[in-house]
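The values are calculated or read from the model by the stated rules, or taken from the named source; none is laboratory data. No experiment lies behind these values; they were computed from the predicted model shown. Cβ coordinates were reconstructed from backbone atoms using ideal geometry, including for glycine residues, and neighbour counts include every protein chain displayed. Calculation scope for accessible area: heavy atoms of the full protein, side chains included, ligands and nucleic acids excluded. Shrake-Rupley method; radii C 1.70, N 1.55, O 1.52, S 1.80 Å.
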Amino acid sequence: MEIKKKIKQTWNNWRASNSDAVKILVTGGTGYIGSHTVVELQQAGFEVYIVDNLSNSNIDVLNGIEKITGKMPVFENIDCTDYVAMDRFLSKHEGIQAIIHFAASKAVGESVKKPLLYYRNNVVSLINQLELMSIHHIKGIVFSSSCTVYGQPDVLPVTEAAPRKTALSPYGNTKQICEDIIMDTIYSNDQLKSIILRYFNPIGAHPSAYIGELPNGVPNNLIPFVTQTAAGIRDELKVFGSDYNTPDGTCIRDYINVVDLAKAHVVAVQRMLENKTKKNVEIFNLGTGRGLSVMEIIKTFEKVNKVAVPHQIVEHREGDIEQVWADPTYANEELGWKAEESVEDTLKSAWKWQKYIMKKADK
Ligand code: NAD
Ligand code: WQD
């Protein structure tokens, strides 16, 4: 609490001496994590500019954001791999001070089938942002990385110092390549800064239920599958294996509330703009520090939402990691950020969101 107060105080002082609202570009800002981050940025007083090509999101998300904050962010439908369009956008909206770069393709299975799509989209998008930062005098970039870079860690909980393991998918490989590109670029140019955030498993929705995760087609991730099964859209949830070397035999992950995650981006941007970074590239794990099994998630979801999730144990899913959870100490102490929401409230928010989108679809 103390650290948080201090951060807020210094930030308020910094803003007072930089009277105009600070402009931030959020790429992929209509996506799941991006939209929640836009809300937190606006609520912290930033002026937010979104570019998104809507390849995995819906323009209606902007209305959800406006309903929560009362402010419609500036939005343009641009593909981040289009250098000329991005350059034009940044010239039109001059004065952007930092980028939060979410835009990427993220479906692990699809990346195995369409690797070049993933390498082009994720890597070229990042290179464009980095090149344009120097041209447009943008100081820093926050990058969405993933705990996928650790693979199955040798030691749990996993710290930022743990070695990265060979990626199990082209998607995972793009995150490692992007991290390397950032490091090489920032080391070659001491005017630029970056904070790389390695997310664990983001889940849940905004407590208002005006924004949340909108999976395209059949969900890949656990929670959208759980909520759709509870809602009767899917007959049953397949639990991928119950003979892992874990207490109940199902896989363990570190599930982090998406609003908590979004708040970490605000703190990261503030840290870069205030020149508080210890190094020009910093890496932080964003997780709760607590691992939960698939069965614990199902049982907790059923209990807090008083709804059944029919499920059946099936074979392992290829490429699944047995167990991984974060050591978030560095983020807690150095960023002054901590995951706060309980898994119970997070799973309630996921269910509230599922009901909200179904009600909306009925209208
Ligand atoms: P998302 O698909 O909901 O959001 C990504 C957004 O980027 C979408 O709105 C999509 O339309 C947009 N986009 C994709 N390619 C684009 C391009 N070339 N130009 C412009 N817009 C483009 O995904 P998310 O869950 O919000 O993830 C955001 C970021 O976090 C991604 O980089 C993802 O790899 C990373 N990440 C996500 C998770 C997770 O479990 N959700 C975990 C770790 C890391
Ligand atoms: C969680 C757990 C499954 C669905 C993926 C990406 C990773 C990162 C986050 C971006 C696992 C089990 C799931 C189902 C199940 N994304 N499960 N039945 O696999 O930890 O990570 O998303 O960077 O890169 O790989 O997340 O939500 O798919 O699975 O039993 O129908 O739920 O086996 O143990 P995962 P997930």
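Over the chain, the hull volume per residue, using the convex hull of the C-alpha atoms, is 134 Å³. By the equivalent-ellipsoid construction on the alpha carbon gyration tensor, the range 276-327 comes out with semi-axes of 33, 17, 8 Å, ordered largest to smallest. Taking the Cα centre of the range 129-254 as origin and assigning +1 to Lys and Arg Cβ atoms and -1 to Asp and Glu Cβ atoms, the resulting dipole is close to 160 debye. Peptide packing for 30-39, 354-363, 192-201 was compared via the average number of neighbouring C-beta atoms within 10 Å per residue; ordered from the highest value, the list is 30-39, 192-201, 354-363. Computed over Cα pairs, the Kirkwood radius of the range 227-297 leads via Stokes-Einstein (0.890 mPa s, 25 °C) to a diffusion coefficient of 159 µm² per second.
Ranking G172, S105, A162 by Cα position along the charge dipole of the range 100-174, where only Lys, Arg, Asp and Glu carry charges on their C-beta atoms, puts S105 farthest toward the positive end. Each Cα pair under 8 Å and six or more residues apart adds its sequence gap; the mean of these over the residue count of the chain is a relative contact order of 18 percent. A cut-off under 10 angstrom between Cβ atoms defines the neighbours of T277, and their net charge, with Lys, Arg +1 and Asp, Glu -1, is +2. Evaluated with a Cβ-only charge set (Lys, Arg +1; Asp, Glu -1), the chain carries a dipole of roughly 760 debye about its Cα centre, given to the nearest 20. For the range 348-358, 3J(HN,Hα) computed residue by residue from phi via the Karplus equation (6.51, -1.76, 1.60; θ = phi - 60°) reads 5, 5, 5, 6, 4, 5, 4, 5, 5, 5, 5 Hz, glycine and proline entered as x. Rg and Dmax of the range 104-263, both derived from C-alpha coordinates alone, stand at 17.8, 54 Å. Normalised size of the range 256-363, defined as Cα radius of gyration per 2.2 N^0.38 Å with N residues, equals 1.36. Taking the average, over residues, of other Cβ atoms within 10 Å as the packing measure, peptides 102-115, 79-92 rank 102-115, 79-92 from highest down.
Positive end of the dipole of the chain (Cβ unit charges, origin at the Cα centre): among L214, N12, N58, the Cα lying farthest that way belongs to N12. Just name one of A262, N201, G249: the one whose Cα is farthest towards the positive end of the charge dipole of the range 181-282 (beta-carbon charges, Lys/Arg +1, Asp/Glu -1). The Cα lying farthest towards the positive end belongs to A262. If you wrap the tightest convex hull around every Cα atom of the range 170-325 and split its volume per residue, you get 149 Å³.
About the centre of its Cα atoms, the range 86-150 shows a dipole size close to 180 debye [charges on the beta carbon of Lys, Arg (+1) and Asp, Glu (-1) only; nearest 20 debye]. Heavy-atom surface analysis with a 1.4 Å probe gives the range 222-363 a carbon and sulfur content of 48 percent of its accessible area. Pairs of Cα atoms nearer than 8 Å and 6+ residues apart set the relative contact order; for the range 214-363 it is 34 percent.
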